[in-house]
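Here is the structure we will look at.
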Amino acid sequence: MCFLQGYVFVDRDGKHFRHILNWLRDGVVASLSDSECSELMREAEYYQLLGLVDGITEFLNRKKDGEEMDTELTRTDIIKCAQSEKVRLRGVNLSGLDLSKLDLSYVDFSFACLKNVFFSRANLQCAKFRDVDAENTIFHNAILRECEFTGANLRGALLAGANLQSANLQDACLIDCSFCGADLRSAHLQTADLTNANLEGANLEGANLKGAKLHNANLKGANLQRAYLRHVNLRDTHLEGAKLDGANLLGAIR
């Protein structure tokens, strides 16, 4: 956002801005498709409209309650499973479920289909997401410390405000993901694809980004102190206000 001679210029896609204005006027969330809701969610997160984020979540939950889901388990089933030790949900289809605010720490979701799942504010510490398909999944403000996402597809996922300290995201598809304000200290991001990812204000102190793809990634105001950025192409990234003190930039393209 910038100001030019009395005008305000917002460098965002204007497709859903009318829905944001309408919500500001009357508090009503527009009836949109799941993909459009995911896009509007990212816009609401960018403008820090937490009320709109909650409203979209409630709208999608109501919508899904009235639809027949192809998931193999329900939220109630997951709650019952979580009460057992060494919970394994490997390879199951949980697409579209609302699993927000649950304690799912140490659960093994490897190879599962988790498209459009709501994990907002859930405790997922040390959970395994190896090779999952979690496209457009919502991890807003979730606890994801020491989680394993090796090879996962998280395209378009919302991880704003999430705690990803020491998480393993090696080889993960993170295209179009939002990590705005996320805690990624000491995270493993080697060879991850962060094309078009929003990392504005994220804390990447000590993170390993060796070989990561950062084409058109937004790193404005991000903390990259002591991050490992050797041989990373930073030429097409947005680094305004980013902290690079002590970062390993040997061979990096800037």
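The values are calculated or read from the model by the stated rules, or taken from the named source; none is laboratory data. Model, not experiment: these values are computed from the prediction. Cβ sites come from the backbone with ideal geometry, for glycine too, and all protein chains shown count toward neighbours.
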Whichever residue in segment 77-122 is at pLDDT 95 or above and among the acidic types (Asp, Glu) and, among such residues, is surrounded by the most Cβ atoms within 10 Å (Cβ to Cβ): Asp108
message: I'd like the residue in segment 158-182 that is among the hydrophobic types (A, V, I, L, M, F, W, C) and in a strand (DSSP E or B) and, out of all such residues, is surrounded by the most Cβ atoms within 10 Å (Cβ to Cβ).
response: Leu158
query: When the residues of segment 88-122 are filtered to those that are outside any loop (DSSP other than H, G, I, E, B), touching a helix residue (DSSP H, G or I) at 6+ places or on another chain (Cβ under 7 Å) and without any contact (Cβ under 8 Å) to a residue 60 or more places away in the chain, which remaining residue is nearest to Arg62 (Cα to Cα)?
result: Asp98
Yes/no for Asn218 being within 18 Å of Leu144 (Cβ to Cβ) and surrounded by 18 or more Cβ atoms within 10 Å (Cβ to Cβ): no
- line: Flagged in segment 146-161 as out of contact with any Cys (no Cβ under 6 Å at 6 or more places or on another chain) and of a type in the set (Asp, Glu), in numbering order, are Glu148
Qualifying residue in segment 147-156 (condition: touching a Gly at 6+ places or on another chain (Cβ under 8 Å), within 19 Å of Ala44 (Cβ to Cβ) and either surrounded by 24 or more Cβ atoms within 10 Å (Cβ to Cβ) or not β-branched (Val, Ile, Thr) (or both)): no
message: I need the full set of residues from segment 28-58 which are assigned to a helix (DSSP H, G or I) and of a type in the set (A, V, I, L, M), in order please.
response: Leu40, Met41, Ala44, Leu50, Leu52, Val53, Ile56
- prompt: Hey, among the residues in segment 204-215 that are in contact with a Leu (Cβ under 7 Å, 6 or more places away or on another chain) and surrounded by fewer than 24 Cβ atoms within 10 Å (Cβ to Cβ), which one's farthest from Gly156 (Cα to Cα)?
  reply: Asn208
message: Just to be sure I understand the filter: pairs with C-beta atoms under 6 Å, separated by 6 or more residues or on different chains, first member in segment 172-189 and in contact (Cβ under 8 Å) with a residue 40 or more places away in the chain, second member in a strand (DSSP E or B) and surrounded by 24 or more Cβ atoms within 10 Å (Cβ to Cβ). Which pairs pass?
response: Ser178/Leu158; Ser178/Asn198; Cys180/Asn198
- prompt: Has segment 127-148 got at least one residue that is over 23 Å from Cys173 (Cβ atoms), in contact (Cβ under 8 Å) with a residue 12 or more places away in the chain and among the hydrophobic types (A, V, I, L, M, F, W, C)?
  reply: no
query: Among the residues of segment 123-133, is any polar (S, T, N, Q), part of a loop (DSSP other than H, G, I, E, B) and at pLDDT 95 or above?
result: yes
statement: Taking segment 134-157 and keeping residues part of a loop (DSSP other than H, G, I, E, B), β-branched (Val, Ile, Thr) and under 18 Å from Asp98 (Cα atoms) leaves Thr137
